[in-house]
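One structure is given here, and the rest of the page talks about it.
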Amino acid sequence: MEKENKKKSTVKKVIKSAFDTALNRIPPHSIDAEIAVLGAMMLSREAVYKVISLFAYDTVKSVENKKNKEDSSKVFYDPKHQEIYKAILELDRMNVAPDIISLTEHLKKMGSLELAGGTYYISEINRLTPTYAHVESHARLVQEYYFRRILIDISEKFLEDCYSETTDILEVVDETEAKIFAVAEKRISKNFQSMRSLATDTYKLIEKMMSDDKSEGGVSTGYTILDRILNGGLQKSDLCILAARPSMGKTAFALALTFNAANNKIPVAFFSLEMNAKQLVMRMLSSYKQINVKEIITYKRRNEISEIIDGMGKLAELPIYFDDSSTLSIMEMRAKCRRLKVEKDVQLIVVDYLQLIQSIKAESREREIAIISSTLKQIARELEVPVLALAQLNRSVETRTGKDRTPLLSDLRESGSIEQDADVVMFIHRPEYYEKNEEEVVRNGWKNLAQIIVGKHRNGATGIADLFFNPNFGRFGNRETNIEEPPRFANRNTDAQYTQTVGTQPNYSHSNIPTSQANEPEDVVF
């Protein structure tokens with residue numbers, strides 16, 4: 001059966017080749033450029049290193065079949081040139097200079113001399129290349145034609161899959177889009193970098209992050225103490241998880257971060273699988289204007305409609321793009337993120353919430369969640385933007401004895417891979433929610449307290465940011481203006497060490513908060 005399929009595939013290729021030739025549709029290539037590259041490699045080991053570095057696979061990530069992953073000779077169009085290039089690579093691995101004699105002898109030994117055009121053809125390549133000075137520009141030209149052939153192959157495969165009724169169209173679209181995106185971005189493997197250049201570039205990055213220039217820093221959360229823990233905010237290419245039990249304010253906090261980013265002219269994509277977009281806008285309006293929109297509608301308070309109009313005018317200007325598809329698959333989401341990146345240059349992606357995303361069928365729910373979290377991490381790295389994904393915690397938080405129901409990393413629901421894939425894991429904890437005794441709440445300073453616990457931080461220290469929270473409007477804010485500096489160095493904590501040992505946080509009891517701030521501070525961000 002396998003031989004029969006292979007035979008059919010060969011026949012199909014031969015027919016297609018003949019058809020293309022008959023229509024003068026020869027795949028794009030440049031024989032002269034290919035000869036110039038191979039001739040230069042025969043003249044100089046330096047040229048060999050430059051070409052190998054440029055053609056190194058993955059030349060285009062995820063474009064070729066995995067079986068061909070290591071075969072960078074496909075960059076050359078002419079089969080003879082592919083054989084010669086392979087031989088040059090073999091000689092280079094053996095630390096032998098690929099001059100005309102060594103190359104010819106090696107091809108003889110491998111039984112590939114005739115496939116490479118014979119001794120005369122190789123000597124002609126050598127004769128036609130007097131210098132290797134322009135090898136890099138010639139190699140880029142060869143690579144450019146290779147990209148064109150790849151795009152043609154992708155298009156043909158796409159058409160073939162579209163005609164087939166056995167393929168999943170969403171998988172076809174996602175696979176095709178990924179390949180085209182890789183070519184468009186020219187995802188060429190990076191070369192090594194010296195410590196000297198890295199040290200200089202890193203110092204410049206640190207200087208920019210310390211200055212008011214936010215272009216190289218993270219996306220600010222809008223909350224001073226949380227930004228300090230996160231080294232300036234949500235960082236590019238990071239997968240950030242925001243987890244909590246129901247009714248803790250996950251969506252409210254995600255909307256707050258979205259508003260604060262958009263208010264700084266940062267485009268944000270917000271995927272909501274739980275609530276529709278209009279409900280989210282109403283919640284954002286309530287928080288921004290500190291009004292209860294639902295009460296205004298229910299009791300028809302016409303005299304407060306001006307507040308709604310004023311708030312809507314502000315929100316309408318924000319670069320926020322909502323998608324409230326309730327049955328969104330992870331493949332659809334990735335496709336939409338790519339499109340938004342190209343069309344709107346989104347700098348932050350928010351997902352509410354992770355466990356509601358549909359995935360391909362796997363052997364278990366844990367495996368499905370692992371696929372989703374892994375793909376979200378890929379989106380963050382591919383688009384170089386932070387991805388903030390909300391997640392549910394399991395019920396073990398509720399069943400703990402005593403008053404300490406502080407969430408732990410082990411409480412993440414359905415999959416340990418979420419913790420593994422995430423660069424940052426944050427929890428929302430409101431002690432007031434579990435304590436029914438009002439006097440106890442006041443004595444412990446828990447009134448309107450929302451703790452944002454950074455339980456995992458791959459590139460920094462963990463810690464706790466104490467924020468103000470008004471549940472009536474779903475509004476978060478900086479708890480007070482005088483915030484202690486975090487320690488210069490801090491050790492990361494394990495699950496059992498979720499205390500404020502990472503920097504002594506100030507005591508936020510009502511005794512040291514001014515009376516005017518007892519209910520709500522003056523410097524509320526959102």
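Throughout, read-outs are computed from the coordinates displayed, never taken from laboratory work. Since the model is a prediction, treat every value here as computed from it, not as a measurement. So basically every Cβ, Gly included, is an ideal-geometry build from the backbone, and we count neighbours across all protein chains shown.
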Can you list the HN-Hα couplings for the range 341-354, worked out from phi with the Karplus curve (6.51, -1.76, 1.60; θ = phi - 60°), rounded to whole Hz and with x for Gly and Pro? 5, 6, 7, 10, 6, 4, 10, 8, 10, 10, 10, 10, 9, 4
Fewest to most neighbouring Cβ within 10 Å: what's the order for Arg395, Arg334? Arg395, Arg334
Mind giving me the FRET efficiency for Arg127 and Asn394? R0 is 60 Å, r the Cβ-Cβ distance, nearest 0.05 is fine. 0.25
What does the charge add up to near Lys80, with Lys and Arg as +1, Asp and Glu as -1, over the other residues with Cβ less than 10 Å from its Cβ? -4
Gained length - Ser247 relative to Arg458, 0.36 nm times residue gap less alpha-carbon distance: 73.2 nm
Could you tell me which of the pairs Lys236/Lys265; Lys86/Lys109; Lys236/Lys314; Lys208/Lys456; Lys86/Lys108; Lys314/Lys447 are separated by over 20 angstrom between their Cα atoms in the structure shown? Lys236/Lys314; Lys208/Lys456; Lys314/Lys447
So, in nm, how far is label Glu307 from label Lys265 when the simple model puts each one 7 Å beyond its Cα toward the Cβ? 3.1
Extension gain (nm, one decimal) between Val442 and Ser410, 0.36 nm per residue minus Cα-Cα: 8.5 nm
Rounded to two decimals, the Debye log10 I(q)/I(0) of the range 302-450 (Cα scatterers, no solvent) at q = 0.14, 0.15 Å⁻¹ is -0.88, -0.94
Compute the FRET efficiency between Glu160 and Ser137 as 1/(1 + (r/R0)^6), taking r as their Cβ-Cβ distance and R0 = 25 Å, and round to the nearest 0.05. 0.10
Most exposed first by the Cβ proxy, i.e. fewest other Cβ within 10 Å, how do Leu318, Leu280 rank? Leu318, Leu280
